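The values are calculated or read from the model by the stated rules, or taken from the named source; none is laboratory data. Please read these numbers as outputs of a predicted model, since none were measured by experiment. FYI the Cβ positions are ideal-geometry reconstructions off the backbone, even for glycines, and counts take in every protein chain you see. For the accessible areas, the whole protein counts, side chains as well, though only heavy atoms, and no ligand, DNA or RNA atoms are used. Shrake-Rupley method; radii C 1.70, N 1.55, O 1.52, S 1.80 Å.
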Amino acid sequence: MSQPVDIIFYDGVVSKPHHAQISAQSESEVLIRYGDRLEQHRRYQYSDMALIGALGQLHPVIELKDDARIEFHGALPEWFNYGTKKVQHSIWKLERSPSLIIFSVIFVVAFVFALVKWGVPAASHYVAFQLPENSLKKLGDEAETYVLNNWTAPSQLAQGQKDLISKQYLNTVAEGKPAKLVFREGGRLGANAVALPNNTIIITDELIEMAHSDQEILGVLAHEQGHLIQRHSLQQGLTSLGLSVLYIAMTGDSSDLFTSLPAAMIGANYSRKFESEADLYALQLMDRKGIEVSHFANFLQRLSDETEDSEKADNASQTANADKKASASSPSSQKESDKNQSLAILDALSSHPATEERIQMVRDFEKKQQEKHQQSK
């Protein structure tokens, strides 16, 4: 006969817990005595039990088929002949191990980091090239509608200028894979061009006005053509969607999951990898067509200078407004103003090195091609 063990017993009839004792009756059966004087008893087979794993500091719990429940005060007794007892005990010990807890935290953080940095982008790349054309068109049409309705206005360029740019694009950049060119006044996009999955390139009046030559415009269009060929905007949208799924898994907030996909394909800056791939495509195309790649570098430099000047002007304006309100503002609002100014400065600093690297990439490519041409003579 085994030594009885004190337990807490719920009889499945009322919610009140009973002080009880459990003991073995055979290799396959236990006896539970409960009540004020342990006058009531029940017998259960091990086959009638379901062991609930003990998480953290909780003790083992047994669920029984008649809705009764057993809660132990400590580890399961040696004589308790439940099949997975040893496995569960090992798990419970590991759960209480500080070293394992630290290792688990490090592992989870590393896993999430790897998933965000490599896993989601790799999956997005694979999916982007597996989607059928009708899916690409549907997603691209949604993104295009979003840009036309929310970010831009009708173009003010002369029709003759649009026709000339379109003709040059078809003759020089398209190379048998022409995209639909859409001219728009920049609005929120400003001096910019956007490639969308439905084989559309949106180019703004402001960008065209900033260009000093047709070759600079063709360099930009070649860059956007590279984004189309590599399906970068779709990859970007899918990556954003994948990160949103991870966020939902952690927070449970699924609002705006799919409705944000069109904006995700156009709203965020491309990664340096995507920009480098599109730049290289543009440079190789320009070199094949006999267009000096320095035109592209010149335009990038001008765009960078314009952006930097605009940011400096905005920061100066914000600083002046903050100084005017400083005497009347509360400490909390002053801190918020300082925070906004710091964020603006950080944005400017974070984007500038990337542009410098792209310009240097063009210069290096130009130098390499010049050396190559000289060697071939």
The range 125-192: GluC sites (Glu not before Pro) falling in loop per DSSP and having at most 15 other Cβ within 10 Å: GLU175
Note, ³J(HN,Hα) from phi for the range 23-32, Karplus 6.51, -1.76, 1.60, rounded to Hz, x at Gly and Pro: 8, 7, 9, 6, 5, 10, 9, 10, 10, 10
DSSP-loop trypsin sites (Lys or Arg not before Pro) across the range 147-225, with at most 13 other Cβ within 10 angstrom: ARG188
Net charge dipole size for the range 1-50 [Lys, Arg +1 and Asp, Glu -1 on Cβ; Debye, nearest 20]: 120
5 angstrom amide H check on ILE7, placed H, neighbours 5+ away: ALA20, GLN21, ILE22
Surface share of carbon and sulfur [accessible, 1.4 angstrom probe, percent] for the range 85-244: 62
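Mind checking the per residue accessible area of the range 96-185 for me, 1.4 Å probe, whole number of Å²? Let's see the in-between values first.
Numbers: 5830 Å² over 90 residues.
For the range 96-185, the per-residue accessible area is 65 Å².
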